[in-house]
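*Asks:* Mind having a look at this structure? Questions to follow.
The values are calculated or read from the model by the stated rules, or taken from the named source; none is laboratory data. These numbers were taken from a predicted model, which means no experiment stands behind them. No Cβ is skipped: glycine too gets one built from the backbone with ideal geometry, and neighbour counts run over all protein chains shown. Side chains are part of the model used for accessible areas, which takes the heavy atoms of the whole protein and leaves out ligands, DNA and RNA. Shrake-Rupley method; radii C 1.70, N 1.55, O 1.52, S 1.80 Å.
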Amino acid sequence: MSSDIILYTWSTANGIKPSITLEELGLPYKFEPIDIGVNIQNEEWFLKISPNVRIPALVDGSQRVFESGSIMLYLADISPTNTTPIVALVLCRSPISAPDYSIKRFLDETKRLYSVLEFRLKESLYLAGSKYTIADIASYTWVRHGPALLEIDLSEFPALEKWVDEIGKRPAVQQGADVPHVDRTNEQKELFQSARAKIDGMTNSDKH
Ligand SMILES: N[C@@H](CCC(=O)N[C@@H](CS)C(=O)NCC(=O)O)C(=O)O
């Protein structure tokens with residue numbers, strides 16, 4: 001099957017939502033890596049595709065779509081194979097580059113959101129119900145590295161742990177999460193560890 005879809009993306013939690021969705025739906029696509037570390041997103045040609053100066057963005061023939069949630073809804077809409085219900089679900093961004101005081105706040109908030117997910121996944125196989133949907137993909141890309149980066153023990157959240165392991169084993173997820181192929185795990189881990197060391201050096205009164 002030939003395709004007009006071009007995905008402009010980078011290997012971030014928002015960036016891999018569309019590639020995982022494309023792989024899951026079996027839609028053919030090409031992709032262009034947009035290295036946000038060297039500001040390709042600010043180049044004039046890219047602003048015509050993504051006026052909000054962010055990845056991911058997608059072009060399908062004469063149609064342009066940006067915002068990861070909009071792209072996922074668009075793909076689910078055009079896919080002939082999609083039969084699952086679509087539910088939007090928003091999770092907080094992880095605090096990799098936040099100011100130090102907000103790192104603690106967002107760490108606590110991340111744990112609170114994990115409890116919310118745990119609550120839901122104890123009563124339901126997937127976030128929107130009995131079927132795997134784009135709500136799972138949108139949340140999975142944020143949850144997958146959280147425990148390692150934030151030093152959270154996921155065994156405190158057994159239903160969430162089972163969900164994240166199961167989704168991570170899906171071939172389409174592994175394929176899509178590797179578009180474009182860039183290993184940023186160590187870079188992210190170092191960033192977080194240095195911020196974490198600063199928090200640990202703060203007094204309790206500084207933390208709020
Ligand atoms: N709400 C947007 C957020 C997209 C976003 O934050 N993209 C980041 C990478 S994850 C980006 O392009 N950053 C480049 C910049 O801020 O210049 C979405 O979900 O697509």
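*Asks:* On the accessible surface of segment 5-78, probed at 1.4 Å, how many percent belong to carbon and sulfur atoms?
*Replies:* Roughly 50 percent of what the probe reaches on segment 5-78 is carbon or sulfur.
*Asks:* Under a 1.4 Å probe, what is the accessible area of segment 5-78 per residue, stated in Å²?
*Replies:* 45 Å²
*Asks:* Hey, rough spin-label estimate for Glu43 and Glu151, points 7 angstrom out along Cα→Cβ, what's it come to in nanometres?
*Replies:* A separation of 4.0 nm, rounded to one decimal place.
*Asks:* Let me ask another. May I ask you to compute the full-extension gain from Leu191 to Asp4, defined as 0.36 nm times their residue separation minus their alpha-carbon distance, rounded to one decimal in nm?
*Replies:* Difference between extended and current length: 63.6 nm.
*Asks:* Another question, then. With the Cα gyration tensor of segment 5-78 giving a ≥ b ≥ c as the square roots of its eigenvalues, does the rule (a/c under 1.5 for rounded; else a/b larger than b/c for prolate; else oblate) give rounded, prolate or oblate?
*Replies:* The shape class here is prolate.
*Asks:* Tell me the label-point distance for the pair Asp77, Lys162, using the 7 Å Cα-to-Cβ offset, in nm and rounded to one decimal.
*Replies:* 3.6 nm
*Asks:* What shape does segment 1-47 take by its C-alpha gyration tensor, where a ≥ b ≥ c are the square roots of the eigenvalues and a/c under 1.5 counts as rounded, a/b above b/c as prolate, and the rest as oblate?
*Replies:* oblate
*Asks:* Another question about this same structure. Restricting to segment 5-78, what percent of DSSP beta bridges are antiparallel, rounded to 5?
*Replies:* Antiparallel bridges make up about 65 percent of those DSSP assigns within segment 5-78.
*Asks:* Going by average Cβ neighbours within 10 Å, how do the peptides 124-131, 11-18 rank, with the highest at the top?
*Replies:* So the peptides 124-131, 11-18, ranked by packing, come out 11-18, 124-131.
*Asks:* Tell me which lysines have Cα within less than 24 Å of Lys189's Cα, excluding those fewer than 8 residues away on the same chain?
*Replies:* The reachable lysines, counting only those whose Cα sits under 24 Å from Lys189, are Lys17, Lys104, Lys111, Lys162, Lys169, Lys198, Lys207.
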